[in-house]
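Below you'll find the structure, written out as structure tokens, and then a few comments.
The values are calculated or read from the model by the stated rules, or taken from the named source; none is laboratory data. The structure displayed is predicted, hence computed values, not measured ones. Neighbour counts run over all protein chains shown; Cβ positions are idealised from the backbone, glycine included.
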Amino acid sequence: MFDLKKNIDSLKNNTIEFIPKVVVSIIIFIVTLTVANWIKSLIIGDNTNNIPPEYSSLKELNQKKNKKIFLYQIADIVYYLIAAFGVIFAITNLGIQSATIFTILGTFVIAIGLSIQGVIGNIWAGLYISLSDLYKIGDNVKVNETNGTVNSFTLFNTQLIDADGKNQITIPNTMVLNNVLTNFSKFNSINKTI
């Protein structure tokens with residue numbers, strides 16, 4: 001038989017027992033995000049967004065930023081990995097079994113991975129470009145038939161400013177690797193040092 005009072009008491013007791021778990025899970029998540037931000041700032045190092053007085057030109061500042069591009073990318077990856085572990089720990093603390101979480105997460109990762117192969121390819125291409133030093137911010141480059149000056153560079157794409165300085169051209173990093181790349185500035189800077 002249905003006992004309303006017993007069910008209400010059971011719901012009340014379960015809610016009272018569940019509230020501390022929710023609070024602890026929120027604290028775990030906040031602490032994890034704080035640690036992730038701290039580690040990200042350690043990886044990146046000093047802030048290069050402000051122009052320090054010792055840099056006389058914007059080109060010198062861009063060269064300094066270019067050296068840190070790889071660190072910014074790695075810092076973002078580390079941040080999101082730590083945040084993901086924080087979410088998993090917080091959910092596990094609520095009483096959901098970790099095997100269930102990892103099964104759902106694995107299925108989700110496979111589905112998302114298959115649907116965003118192009119994005120993943122751009123990320124790997126961006127890491128390769130960073131490590132191989134194909135170009136830096138301020139270099140004059142030509143990708144296939146597109147000419148311009150490198151304005152910015154991320155994990156996903158490279159942005160060029162055309163020769164007129166009026167248009168911004170965004171090129172996916174996989175396109176940079178899969179096409180002919182000519183870096184006019186790199187050759188000129190090598191000749192100047194010889």
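Brief remarks follow.
- Residues of the range 34-59 that turn out to be at pLDDT 60 or above and over 15 Å from the mean Cα position of the chain (by Cα), as a count: 5
- Subset of the range 81-101 that is part of a helix (DSSP H, G or I) and touching a residue at least 60 places away in the same chain (Cβ under 8 Å) - its residue that is nearest to Ser132 (Cα to Cα): Phe89
- Sole exception among (1) modelled with pLDDT under 85; (2) farther than 15 Å from Phe156 by Cα; (3) among the β-branched types (Val, Ile, Thr); (4) in a helix (DSSP H, G or I) for Val78, by number: (1)
- Qualifying residue in the range 117-127 (condition: more than 29 Å from Thr34 (Cβ to Cβ) and not in a helix (DSSP H, G or I)): no
- Residue check for Ile104: assigned to a loop (DSSP other than H, G, I, E, B), β-branched (Val, Ile, Thr) and at pLDDT below 90: no
- Taking each residue of the range 32-46 that is under 11 Å from Tyr80 (Cα atoms) and looking for partners that are of a type in the set (Gly, Ala, Ser) and in a helix (DSSP H, G or I) with beta-carbon atoms closer than 7 Å, six or more apart or interchain, yields Thr32/Ala83; Thr32/Gly86; Leu33/Ala83; Leu33/Gly86; Ala36/Ala83; Lys40/Ala75.
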